[in-house]
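Asks: Got a structure here, written out as structure tokens. Questions coming.
The values are calculated or read from the model by the stated rules, or taken from the named source; none is laboratory data. This structure is a prediction, so every number in the text was calculated from the model and none was measured. Backbone-built Cβ (ideal geometry, glycine too); neighbour counts: all protein chains shown. Keep in mind that these areas ignore ligands, DNA and RNA; they rest on the heavy atoms of the full protein, side chains included. Shrake-Rupley method; radii C 1.70, N 1.55, O 1.52, S 1.80 Å.
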Amino acid sequence: VKGRYSFHFHRAGVDQDGEPGISIGNAVYGSPGWGFVHHDSYALFENNATYDTFGAGYVAESGNETGAWNDNIAIWAEGANGKSPKMGNDIKNFDFGKTGDGFWFQGRMVASSDNIAASVNTGFVYVNRGPDGEDGNITFNSDEFAIPAALYYDPTISSSETPILGFSDNETYAAREGLFV
């Protein structure tokens, strides 16, 4: 069900000059929607666990999120259907991340390391789609990216134009797919 999240950092701002929102050592069990939601915010998710979530265990929702997800685990995420992450979404209604995934990234500026996805359809998903912006993706100030020069000094950039900031030592077990980009 859209909008039913157990843990949600909601639009706290993506400016990396301040302190991030922090979630360390928390657990979500049996959520009717996503487990941990990182929405339009600068945040750190570390050493958290989800079990039996619907849609996805962890979600970067808008595409402009910044921060890091480290040492988290997502176990058993049920999905609305058995389709691939790209085909199982209602983009027009901005309803995505519902195909039974461990970690869903709507954008690419959240570094991800040492996370585990188990008994999910897809372990890690990067799909950049949405109703905002000319190309269907949210736009944001390119200064929020760690290396603005890599974005050719364009003052605003689409979430689909940034490279994946960091992805290392993540693992997927008992899944249809490990990584979907």
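Asks: Failed condition for residue 8, given (1) in a strand (DSSP E or B); (2) in contact with an Asp or Glu (Cβ under 8 Å, 6 or more places away or on another chain); (3) at pLDDT below 90, with all others met?
Replies: (2) is the only condition that residue 8 fails.
Asks: Can you tell me which residue among 71, 114, 52, 132 is modelled with pLDDT under 95, of a type outside the set (Gly, Ala, Ser) and open to solvent by 10 Å² or more (accessible area, probe 1.4 Å)?
Replies: The conditions single out 132.
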